[in-house]
Amino acid sequence: MEKIIIQGDRPLNGTISVSGAKNAALPLIAATLLAPGTYKLHNVPDLRDTRTMLKVMEILGAVWTRQGKTVIIDSTNLTGLEAPYDLVKTMRASVLVLGPLLARSGYARVSLPGGCAIGARPINYHLRGFEQLGVTTVLAEGYVEARVDGKLQGNVVYFDNPSVTGTENILMTAVLAEGTTVIKNAAREPEVSNLIDMLVSMGAVIEGRGDDRLTIHGVKTLNPVEATIIPDRIETGTYLIAVAATGGEVTITDCCPDHLPSLIEKLRSCGVQIEEGKGTITVKREKQAEIRSTDIKTMPYPGFPTDLQAQFMALMIQADGVAVINETIFENRFMHVAELQRMAADVRINGSSALVKGKPRKLLCGTQVMATDLRASASLVIAGLAAHGKTEVSRIYHLERGYENMVEKLSLLGADIKKIQE
Ligand code: EPU
């Protein structure tokens with residue numbers, strides 16, 4: 001197994017570009033199942049999760065090749081309609097094939113994902129939504145077997161919480177249903193809008209892009225297209241926080257500043273300088289400048305993303321004052337706290353809140369820590385870059401699910417970081 005070794009307390013300086021968004025690439029890859037033919041997806045990050053999604057596509061009979069950042073997928077001949085446990089257990093987003101398979105073939109069998117390090121993460125909203133569109137679902141032997149009886153029928157689908165992949169799955173089903181579907185309390189994340197843009201270019205009729213109420217007028221057929229994955233806002237945010245934590249000045253290119261309204265505002269209130277450009281963000285923290293403690297509460301977009309909560313905590317552990325971090329999306333997303341405490345961070349958890357008492361950076365020290373999930377791993381890397389001494393992060397396979405070339409990108413900025421075989 002590989003681990004990351006960091007010699008901390010070095011500023012980051014220079015320019016890096018961000019990759020395409022993992023959480024947009026996954027639904028866009030799944031959407032190529034909707035209409036037979038050849039699709040070209042641009043700016044697809046080469047990550048463990050995108051590779052897993054492409055494996056799922058292979059199992060279903062799609063054929064794909066990669067040319068640089070472009071993935072060409074031919075979904076003409078589907079030979080299977082089942083996503084097996086072995087793949088789904090490694091990536092929950094495999095459930096995104098349910099919607100397009102139901103729309104195209106009227107049947108799908110997908111393993112239930114099971115537990116997850118950050119919370120229970122059920123898929124009941126997806127299943128309820130499918131049922132409202134005329135799908136019968138049966139849970140048996142750890143699988144959900146979904147079947148369209150007759151034709152998919154448009155209907156009103158309401159989510160108790162705005163679910164990102166739930167909204168995407170229902171969108172991909174409703175586009176080929178008879179009549180009109182209205183998704184109420186839909187997720188408004190930019191990744192959902194990226195999918196809507198692709199579906200519309202395929203011939204779907206969807207109103208309300210970016211809104212929490214989406215209206216889908218079903219069409220009879222869709223066409224294969226070319227589509228481009230949006231920049232990864234969570235990767236962008238992770239590097240913004242890293243520079244805020246270490247000091248230095250970095251320009252991030254190929255990104256979309258508009259997709260990070262809450263983080264940019266929070267970093268500014270911490271005292272970090274941020275300049276937004278067209279497709280670029282420059283972040284600067286003077287060497288001696290103090291970081292002010294700032295509270296955050298994770299919320300659906302455009303609120304503060306749960307996928308940046310752990311990284312923001314790695315900044316707050318060195319801030320001046322006390323910050324309250326409230327996690328409202330997932331019930332178990334504080335696994336990084338025990339590891340940050342090993343680096344001398346002062347964090348106390350009370351239910352869904354964490355009280356972070358910042359301390360001077362010189363009192364935070366590197367040590368051996370263990371990554372527990374993707375974003376927790378990024379948090380430990382940030383803490384290690386800022387702390388004194390050596391940090392060893394093990395179980396970094398989590399990191400490779402969602403960050404393309406993180407070690408190389410941070411090295412480019414002057415970090416003393418390397419990957420070694422344990
Ligand atoms: N929920 C249910 N039932 C459902 C669906 C969701 O109770 O059927 C609950 C969840 O437990 C959670 C809330 O609704 O409390 C929102 O979850 P959501 O469905 O939006 O999460 P998701 O679609 O499974 C996506 C991202 C996650 C990200 C969340 C929240 C993808 C592939 N994954 O997950 O990304 O944290 O939205 O923004 O888009 C990550 O990249 O590290 C990651 C975990």
Would you tally the net charge around Leu355, using a Cβ to Cβ cut-off of less than 11 Å, leaving Leu355 out, and scoring K and R as +1, D and E as -1? 0
Percent relative contact order for the stretch 98-161, counting Cα pairs under 8 Å at least six residues apart, stands at 37
Put +1 on the Cβ of every Lys and Arg and -1 on every Asp and Glu Cβ in the chain; which of Thr221, His336, Gly129 then has its Cα farthest towards the positive end of the dipole? His336
Can you work out ³J(HN,Hα) from phi for every residue in the stretch 95-105, in order, using Karplus 6.51 cos²θ - 1.76 cosθ + 1.60 and θ = phi - 60°, giving whole Hz and x for Gly and Pro? 5, 5, 7, 4, x, x, 5, 4, 5, 8, 10
I'd like to know which of Thr391, Met91, Met370 lies farthest towards the positive end of the charge dipole of the chain, counting +1 on Cβ of Lys and Arg and -1 on Cβ of Asp and Glu. Thr391
For the chain, what is the calculated [θ] at 222 nm in deg cm²/dmol (nearest 500), taking -39500 (n - 2.57) for each run of four or more DSSP H residues and dividing by its residue count? -9000 deg cm²/dmol
What is the dipole size for the stretch 69-200, taken about its Cα centre, with +1 at each Lys and Arg Cβ and -1 at each Asp and Glu Cβ, in debye to the nearest 20? 120
Cα long-axis angle, helix 374-386 against the chain (0 to 90 degrees, to the nearest 10): 20
Taking only the Cα atoms of the stretch 241-392, how large is their convex hull per residue, in Å³? 97
Ordered by number, the trypsin sites (Lys or Arg not before Pro) in the stretch 145-208 that occupy a DSSP loop and have at most 16 other Cβ atoms within 10 Å are Lys151
Once both axes come from the Cα atoms, what is the angle between helix 233-246 and the longest principal axis of the chain, in degrees from 0 to 90, rounded to 10? 0
Quick one: check the C-alpha center-to-center distance for the stretch 157-201 versus the stretch 333-393, whole angstrom. 36
What are the residues whose amide H is under 5 Å from the amide H of Gln318, where those residues sit 5 or more places off or on another chain and H is modelled from the backbone? Lys359
For the stretch 402-420 and the stretch 217-249, what is the separation of their C-alpha centers, rounded to whole Å? 19
Percent of C-alpha pairs per 10 Å bin, the chain, short to long: 5, 23, 31, 24, 13, 4, 0
With equal scatterers on the alpha carbons only and no solvent term, can you work out the Debye log10 of I(q)/I(0) for the stretch 342-422 at 0.11, 0.25 1/Å? -0.31, -1.31
Long-range amide H partners of Leu152, meaning residues 5 or more apart or on another chain whose placed amide H is closer than 5 Å, are Glu178
What is the gain in length, in nm to one decimal, between Ser411 and Arg128 on full extension, counting 0.36 nm per residue of separation less the C-alpha to C-alpha distance? 97.2 nm
Using alpha carbon centers only, the stretch 275-305 is separated from the stretch 3-66 by a whole-angstrom value of 25
For the chain, with +1 on Lys and Arg beta carbons and -1 on Asp and Glu, the positive-most of Met316, Asn155, Gln7 along the dipole: Gln7
For the stretch 273-320, restrict the atom set to alpha-carbon positions and state the Rg and Dmax in Å. 12.7, 34
Using the Karplus curve 6.51 cos²θ - 1.76 cosθ + 1.60 with θ = phi - 60°, what ³J(HN,Hα) values do you get for each residue of the stretch 201-215, in whole Hz, with x for Gly and Pro? 5, 7, x, 6, 10, 9, 10, x, 2, x, 9, 8, 10, 10, 10
Cβ-Cβ cut-off under 12 Å around Gly8, Lys and Arg +1, Asp and Glu -1: the net charge is +1
With every protein chain kept in place and ligands, DNA and RNA left out, what is the accessible area per residue of the stretch 1-149? Probe 1.4 Å, answer in Å². 38
Using a simple charge model, +1 on the beta-carbon of Lys and Arg, -1 on the beta-carbon of Asp and Glu, nothing else, what dipole does the chain show about its Cα centre, in debye to the nearest 20? 600
Placing unit charges on C-beta atoms (Lys and Arg positive, Asp and Glu negative, everything else neutral), compute the dipole magnitude of the stretch 1-102 about its Cα centre in debye, rounded to 20. 220
For the stretch 292-306, take each phi angle, set θ = phi - 60°, evaluate the Karplus expression 6.51 cos²θ - 1.76 cosθ + 1.60, and give the result in whole Hz per residue in order, putting x for glycine and proline. 8, 4, 9, 6, 9, 9, 6, 8, x, 4, x, x, 5, x, 4
Can you tell me the relative contact order of the chain? Whole percent, Cα pairs under 8 Å, sequence separation 6 or more. 21
Ignoring ligands, DNA and RNA, what percent of the 1.4 Å accessible area of the chain is carbon and sulfur? 48
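The values are calculated or read from the model by the stated rules, or taken from the named source; none is laboratory data. This one's a predicted model, so the numbers in the text were calculated from it and none came from an experiment. Using ideal geometry, Cβ is built from the backbone for each residue, glycine included, and neighbour counts are taken over all protein chains shown. Surface accessibility is based on the protein's heavy atoms, side chains included, excluding ligands, DNA and RNA. Shrake-Rupley method; radii C 1.70, N 1.55, O 1.52, S 1.80 Å.
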